[in-house]
Amino acid sequence: MSIASASIVLSFSPGNLLMTYLSAGLFGCSYIFLTGVLLVWGIRVFITNASLGIGVPFLLLAVGQVIGSILAGWFIGTWAMLLLL
């Protein structure tokens with residue numbers, strides 16, 4: 001919910017520098033917290049092999065960030081080109 005709030009704050013006040021920093025801070029804190037929750041959950045799932053519980057969530061986060069970046073770049077490139085026409 002707080003990650004969505006950060007995006008909403010940024011969309012309503014893109015020119016306000018203070019709100020931009022507040023949005024970035026809120027997003028960063030929320031992302032770090034959720035990453036920690038994911039790691040704790042992974043360790044609890046793989047009780048017999050805690051290293052697997054840490055490794056799998058980190059791997060999946062990295063894969064998700066790569067795929068998300070590729071898709072975001074593609075969507076931005078596609079929609080920006082359509083808006084310019």
(request) State which helices in the chain qualify, where a helix is a whole DSSP H run, it must extend 30 Å or more along its own axis by its Cα atoms, and its mean Kyte-Doolittle hydropathy must be at least 1.0. (result) 17-45, 50-84
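Taking a ≥ b ≥ c as the square roots of the eigenvalues of the Cα gyration tensor of the stretch 1-40, is the shape rounded (a/c under 1.5), prolate (a/b larger than b/c) or oblate?
In terms of gyration-tensor shape, prolate.
Using helices alone, what [θ] at 222 nm do you get for the chain, with -39,500 (n - 2.57) per DSSP H run of 4 or more residues, divided over all residues and rounded to the nearest 500? Walk me through the intermediate numbers first.
Numbers: 3 runs with 75 residues, N = 85.
My calculation for the chain gives -31500 deg cm²/dmol from helical runs alone.
If you average the sequence gap of Cα pairs under 8 Å that are 6 or more apart and divide by the length of the chain, what percent do you get for the contact order?
Numbers: 49 pairs, mean separation 14.0, N = 85.
After rounding, I find 16 percent.
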(request) Consider the candidate values [x] 13.7; [y] 15.3; [z] 20.8; state which one is Kirkwood radius over Cα pairs in Å computed from the structure displayed. (result) [y]
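Read the figures in this text as sums done on the coordinates, not as results from a lab. Since we're looking at a predicted model, the values are computed, not measured.
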